[in-house]
1. Calculate the length of the line joining the C-alpha centroid of the range 82-150 to that of the range 231-290, in whole Å.
2. Just from its helices, what would the mean residue ellipticity at 222 nm be for the chain, if runs of 4 or more DSSP H residues each count -39500 (n - 2.57) and the sum is divided by every residue, rounded to the nearest 500 deg cm²/dmol?
3. When Ile392, Ile260, Ile454 are ordered from fewest to most other Cβ atoms inside 10 Å of their Cβ, what list results?
4. Pull up the DSSP beta bridges for the range 414-567 and report the antiparallel fraction as a percent, rounded to 5.
5. Place a +1 charge on the Cβ of each Lys and Arg in the chain and a -1 charge on the Cβ of each Asp and Glu, then give the dipole magnitude about the Cα centre in debye, rounded to the nearest 20.
6. Using only the alpha-carbon atoms, how far is helix 287-297 inclined from the longest principal axis of the chain? Give it as 0 to 90 degrees, nearest 10.
7. Tell me, how many Å apart are the Cα centres for the range 475-534 and for the range 409-460?
8. Name the residue farthest towards the positive end of the dipole of the chain from the options Ile436, Leu394, Val417, assuming +1 on Cβ of Lys and Arg, -1 on Cβ of Asp and Glu, about the Cα centre.
Amino acid sequence: MIGSSASNGNKPGKITSDRFDRLFWTRLWRLTRPYWVSERRRKAILFITVMIVLSLATTGMQAMFSYVSRDVMNALQAKNSARFYHLMVLFVIWIMVFVPIAAVYPYLTGLLGIDWRDWMTENFVHRMLHRNALYHIMRDRTVDNPDQRISEDLNSFTAGALNYSMITLQAIATAATFFGILWLISHWLAVCLIGYAVLGTWLAAVIGRRLVLINFNQQRYEADYRFALVHARDNAEAIALYNGARDETRQLSGRFAKVIENFKLLILWQRHLSLFTTAYDNAAGLVPYFVLAGAYFSGQFKLGEFTQAAYAFSVLQGSLSLVVDQFPALTEYASVVNRLAAFEERCDTAGVGETERATHIEVIEAAGGISVEKVTLMTPDWKRELQQDVSIKLGDGDTLLLSGPSGAGKTSLMRAVAGLWSFGSGRISRPPSEEIMFMPQKPYMILGSLRDQIQYPRFSGVSDDRLLDILCSVGLAHLPEQFGGLDAELHWADVLSGGEQQRLAFARLLLNGPRFAFLDEATSALDMAAEQSLYARLTQSPTAFISIGHRPSLRQFHQRVIELPGGLESTLASDGRIANSSSS
């Protein structure tokens, strides 16, 4: 049924249709099954059971309608007014029963769909953030636009799964019911219908199989273009300062050109498929007339039986032609399944391949301080060595400054301690994550209130007085009054300057009071006076910390200094002078 598609989430490649068919059904089952065996299964099964009953009731009502309609035509032909009006009353009753079912069915479908989407969204967000999978995905760029896959593809998946499963169920029930009706009227017409439906389905699959890959690419190009627009929006000031409007326009135009090119290919193949499906559907209406016209004219059928046969043929043909009628939508759905499955697979394997190598940096959690033992840092492609045999120990109350030229691997060493960089060899022993805080050069501004910003990532209940005192200690006492209090919610990355953001990061550090902290150029956007004030405040806390920086002014706040890549360690004497010693 489904043609070729992408071999992975980012760089699609053509594979055989047989292999993709197996892959599609495997992935569909793997995505569908967890919800129906989860803690919400009872509610889900109740909903789906009611929906099945309503669907089967609708099929039964359609069958009853065919007989009522047949008798109406016979009554009209016989000019039997009493019989005709009696049947009209049955029509009214049929409508009164059918209308509530027609209204309740989509309502139940919507409730079940949103509950399924809610469960899958929670599951996918957890997978995306668990074991820092999102970090690995974005670093390696193995899956494009994970945000779209969660916000849009999950909705399409759940809605499509319910829609196609119920359509299929109803199609089977309808086919069984109306095939029996049609078989009683004309064996030959029933056989013709089966042959017509099988031939049409096969031709639709042959013509439309290429749409799977085209639809997959269309979603990817649309998402890439949307991401580029958001990127331009978020960096509008930088683009203006660089006077980069012309180059930005060129890049956006280049991305949109891919959208246009692929869309033209999409509508071309949709046209090919539409030509066939339109001809197929319209020709189907003529088949019963050609087959039964001779028998009717010879008196073998009454007008009612003739119209019932035509109606039964139409309904049954619609059921058997499910693939033909739904093929364009099915190709889009196949790409959704493929994108979600690729994302799920990458989340589950993110970072696993790195630690399964024969040589990698081993990180273990243990009591005591931070111990870096003969760690060699490599680039992700394993082609360049950043540092060799680095050994560092940091105990409670210790302070250490890592310095050296750009590209020496200082930040990579911090990532290795965090468990985000396993390219290399050696061993790192460290306390649990709850006892360590990492401060990157560009602080992370969460979506939330000012109160949330200060407390992140612990979100412990802290009094307003304590929060105001922390803000005052880092030189941000003006923020609550300027922006409307601690509960003000703004896009803080836009409203705060780089220096204010770094001050706010220090407020988090002082409030959370971790046992150990890593500060990566944490004062690069601040002047010397502000830097000294913040570090003086930090040295008064019990937190042991390692700073990464170039400024000589930082040395006075650290007991030891390691220059990378020289491997020389310096110890600050009591008078503040630096004395070199051997590497630790």
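Computed from the coordinates by the stated procedures, all read-outs in this text should not be read as laboratory data. These figures come from a predicted structure and were not determined experimentally. Don't worry about glycine lacking a Cβ; one is built from the backbone with ideal geometry, like all the others, and counts go over all protein chains shown.
1. The two parts, judged by their Cα centres, are 26 Å apart.
2. Result for the chain, helices only: -21000 deg cm²/dmol.
3. Neighbour counts put them in this order, fewest first: Ile260, Ile392, Ile454.
4. Close to 20 percent.
5. 1760 debye
6. 10 degrees
7. 16 Å
8. Val417
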